[in-house]
Amino acid sequence: MPWNTFIEGDNLTVLHALAAAGETFDLVYIDPPYNTGSAFAYHDDVRGPDGRRAGRHEAWVAMMRPRLEAARAVMSRGAAIYVSIDDNEAAHLRLLMDEVYGEANFLAQVVVSLNAKGRQLGRGFATSHEYLLVYARDARACVLDASSPELVDERDFPLVADDGRRYRRLPLRNTNKKFNPITAPTLHYPLWGSPESGEVRVEPFPGAVEIKPVFGDGSPAVWRWSAPLVAERSDDLVCRRLTGRLGERVDVFQRDWLDVVGGATGTVRRKKLRTVWTAAEVGSTDVAVAELKALVGHVFESPKPTGLLRRILQTMPTDARVLDFFAGSGTTGHAVALQNAADGGRRTCVSVNHAEPTRPGSNAHRVGLATVADITRARLRAVAEAVGGGLEER
Ligand SMILES: C[S@@+](CC[C@H](N)C(=O)[O-])C[C@H]1O[C@@H](n2cnc3c(N)ncnc32)[C@H](O)[C@@H]1O
């Protein structure tokens with residue numbers, strides 16, 4: 001099975017064909033046309049329910065809706081989808097994704113700063129970021145792991161348990177005032193604990209005192225764990241006496257372990273990925289242009305850096321089947337090959353782009369790349385040559 005496959009065609013037709021062939025994907029990444037108003041190809045084609053020409057956003061949403069629905073149909077149960085988007089359509093896309101994937105399957109709206117200096121042309125703010133909207137096909141089954149390859153800092157886990165494992169104490173009480181007995185009544189219940197032995201239980205026991213969750217000012221709060229979870233993981237909790245703003249009190253803390261829970265001792269936890277990604281971490285637009293230039297020339301205006309795609313790939317299993325149906329210059333396929341080469345993964349990637357003509361006079365046109373599909377193909381061929389993994393062209 002080659003690492004890369006390229007399919008030329010309108011992505012809606014291709015998505016339906018993939019579904020008919022029973023193909024499924026674990027990770028979808030897309031970077032749809034951004035709809036700046038002037039260059040939006042779908043503008044004239046779409047009419048509203050009353051036959052009137054649809055507005056700019058309506059037309060864009062009407063183009064995207066069936067494609068997102070068709071994408072959902074080819075996603076495996078544990079799959080996730082990442083969509084790059086800027087301020088022009090971020091709000092509309094978020095609502096559309098809520099509709100198609102369900103609000104409960106929203107995972108994150110990541111801010112990606114690919115241009116640290118910001119766009120200096122034009123009036124107003126120098127915009128330096130765009131977004132990645134991340135949704136699961138089904139959040140309960142999703143295999144996405146939002147952790148970075150970086151390990152957590154051992155110094156943040158200063159305590160040592162009797163068995164030698166390092167940990168830190170976190171309050172079991174939810175410190176966010178949004179969560180209180182009115183908004184989360186089932187999490188407001190008494191626990192029983194002994195500040196002498198440290199033991200915590202959901203029912204009374206000799207030497208235990210009753211502990212209710214309270215904020216620092218004494219107002220009622222809620223726990224972060226349900227009563228059944230407390231009963232199941234009571235060894236991970238500890239009862240302590242402490243002095244707060246209102247004097248001495250007894251409270252319950254979670255022992256947050258340095259090692260992966262259930263993993264072998266010494267398998268240190270990875271840091272969680274934050275929701276702001278910088279050019280220093282994932283590459284800038286300039287880096288992206290240089291990467292493309294090194295392989296096929298400066299033939300595409302707005303490629304993404306492979307570092308961005310590699311970070312996305314690292315949130316999914318190393319054998320993920322990846323799909324990019326707005327492939328453009330083929331960054332996703334390039335990143336899949338680089339990541340496989342780096343970590344020995346067996347990811348595969350299907351890239352789709354239609355034969356949109358390149359602008360006469362543009363670099364691409366001058367070097368004989370008559371359509372964007374020609375650009376995608378040229379890059380993926382160069383990737384197969386330089387990095388390996390092969391390329392199937394359909
Ligand atoms: C913003 S670009 C993607 C850039 C890409 N992420 C990269 O790094 O090079 C969007 C791409 O979608 C393609 N496209 C737009 N509508 C399409 C459609 N209906 N079917 C297939 N491709 C389409 C365009 O030709 C363009 O190359």
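Structure values in brief
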read-out	value
Charged-residue dipole, Cβ positions (Lys, Arg, Asp, Glu), the chain about Cα centre, Debye nearest 20	660 debye
Within the chain, longest stretch free of exposed GluC sites (Glu not before Pro) [DSSP loop, at most 14 other beta carbons within 10 Å]	24-195
Alpha-carbon radius of gyration plus Dmax, which is the widest Cα pair, for the chain in Å	25.7, 85
Nearest-20 debye value, region 151-270 charge dipole, Cβ charges on Lys, Arg, Asp, Glu	480 debye
Normalised alpha carbon radius of gyration of region 151-270 [divisor 2.2 N^0.38 Å]	1.10
Nearby lysines by direct alpha-carbon distance to LYS178 (threshold 30 angstrom, same-chain neighbours under 8 apart not counted)	LYS212, LYS271, LYS272
Those lysines that a straight Cα-Cα span of less than 21 Å connects to LYS304, excepting residues fewer than 8 apart in one chain	LYS117, LYS293
Listed residues PRO317, GLY218, VAL276: farthest to the positive end of the dipole of region 187-330 (Cβ charges)	VAL276
Amide H partners (placed H, <5 Å) of THR371, local residues excluded	THR358
Angle between the chain longest axis and helix 56-73 axis [Cα atoms, degrees, rounded to 10]	70 degrees
Summed residue charge, Cβ within 14 Å of VAL111's Cβ, Lys/Arg positive, Asp/Glu negative	-1
Only Lys, Arg (+1) and Asp, Glu (-1) charged, at Cβ; region 280-394 dipole about Cα centre in debye	80 debye
Within the chain, percent of DSSP bridges classed antiparallel, to nearest 5	65 percent
Under the Karplus curve 6.51 cos²θ - 1.76 cosθ + 1.60, θ = phi - 60°, whole-Hz ³J(HN,Hα) for region 148-153, x wherever Gly or Pro sits	8, x, 5, 8, 5, 7
Given charges at Cβ of Lys, Arg, Asp, Glu: region 152-202 dipole, positive-most of ILE182, LEU172, ALA161	ILE182
Signed unit charges on C-beta, dipole axis of the chain, positive-most listed residue SER128, ALA80, SER351	SER128
0 to 90° range, to nearest 10: angle between helix 372-386 axis and the chain longest Cα axis	70 degrees
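No value in this document is a laboratory result; all are computed from the given coordinates. What you see is a predicted model, and the numbers here were worked out from it, not measured in a lab. Reconstructed Cβ throughout: ideal geometry from the backbone, glycine too, with neighbour counts over all protein chains shown.
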